[in-house]
Amino acid sequence: MKRTIDPNKPKIKIPFGKNYIRIKEIVKEHQLHTICESGNCPNLAECWSAGTSTFMILGDICTRSCKFCSVKTGKPLPPDPNEAERIAKSVQLMALKHCVLTSVDRDDLEDAGVSFWVNVIQTIRKHNPNTTLETLIPDFNGDEKLLDKIVTIKPEVVSHNLETVERLSHKIRVKAKYNTSLKTLKYLADNGVVTKSGIMLGLGEEKEEILTLMDDLLNVNCRILTIGQYLQPTKENIPVQRFVSEKEFAELKVIALEKGFRMVESGSLIRSSYHAEKHV
């Protein structure tokens, strides 16, 4: 039987180039975790070749097991007290002008890991005073006292992803709730933080649901949006329902900008940290 190839299925670039090799060596030497690798990001080749990377702090084992994510799930190890220094020095070696940080969920920790976040940010700034930061944070269970610590440290951009439309949220996200994510973004924006969110398409969502999601984000003063194609990272993850055409991605970008978003990245290989330096 002849297999049909979906013409809308995105083509992932193969990693290559001197910068890619250099960054891979730095990541290995300093025992760093990157969401580029752990999340099987399709833009790894482009970003690493360009000398940019997204660091994942607090280990590589998550306490949640979202259906779309390939990051390992289980009982995490205690936070590494040397991780902040290793990342800060690596940012320096990579000569990054803009750095993106994310983390696994650490529901096992009393403060969900927020104090560790603060330490990493402070350490990066100490060694790299001219480097701007984007933090792609967990929801911290919507706890305002924990979110205050992020507000106080003032990253240039704070990102928190809705991932999908409200109807599908409980099917693919473990513990995280659509309204908790909106509450998190609202609290940050109300306290003067520039906020950003990202979603994946191809999980079975309807166009009207996407437009409603856009309105929900605008209502909590989130003005930066990334829209990408969901790609099934492993056989254990939820399968792709549909590959969205680049034409549809382009149309959604126009709609989002017309609705009031300040910046929108929309395309099959777009991920939340893609072109992050432009979102500052």
- request: Go ahead and collect, in residue order, the members of region 193-209 whose backbone nitrogen is under 17 Å from a label point 7 Å along the Cα-Cβ direction of GLN232.
  value: 201-205
statement: Restricting to aspartates and glutamates and to Cα separations under 17 Å from LYS253, and discarding same-chain partners fewer than 8 apart, the set is GLU163, GLU205, GLU206, GLU208, GLU209, ASP215, ASP216, GLU265
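What whole-number volume per residue, in cubic angstrom, does the convex hull of the C-alpha atoms of region 149-250 give?
Residue-normalised Cα hull volume stands at 116 Å³.
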message: Among ALA189, LEU231, GLN241, which residue has its Cα furthest toward the positive end of the charge dipole of region 184-268, with +1 on Lys/Arg Cβ and -1 on Asp/Glu Cβ?
response: ALA189
- line: Once amide hydrogens are built 1.01 Å from N within the peptide plane, the residues lying 5 or more places from CYS99 or on another chain with amide H under 5 Å from its amide H are THR132, LEU133, GLU134
- prompt: What is the distance, in nm, between label points placed 7 Å from the Cα along the Cα-to-Cβ direction at ASN82 and at ASN141?
  reply: 3.2 nm
- request: Please identify every one of the GluC sites (Glu not before Pro) in region 130-239 that sits in a loop by DSSP and has no more than 13 other beta carbons within 10 Å of its own beta carbon.
  value: GLU206, GLU236
- prompt: Amide H of ASN161: which non-local residues (sequence gap of 5 or more, or other chain) have their own amide H closer than 5 Å, using H built in the peptide plane?
  reply: GLY198
Distance between region 156-223 and region 92-106 - C-alpha centres, whole angstrom: 22 Å
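Read-outs: derived from the displayed coordinates by stated rules, not from any lab. Since the model is a prediction, treat every value here as computed from it, not as a measurement. We place every Cβ from the backbone using ideal geometry, glycine too, and count neighbours over all the protein chains shown.
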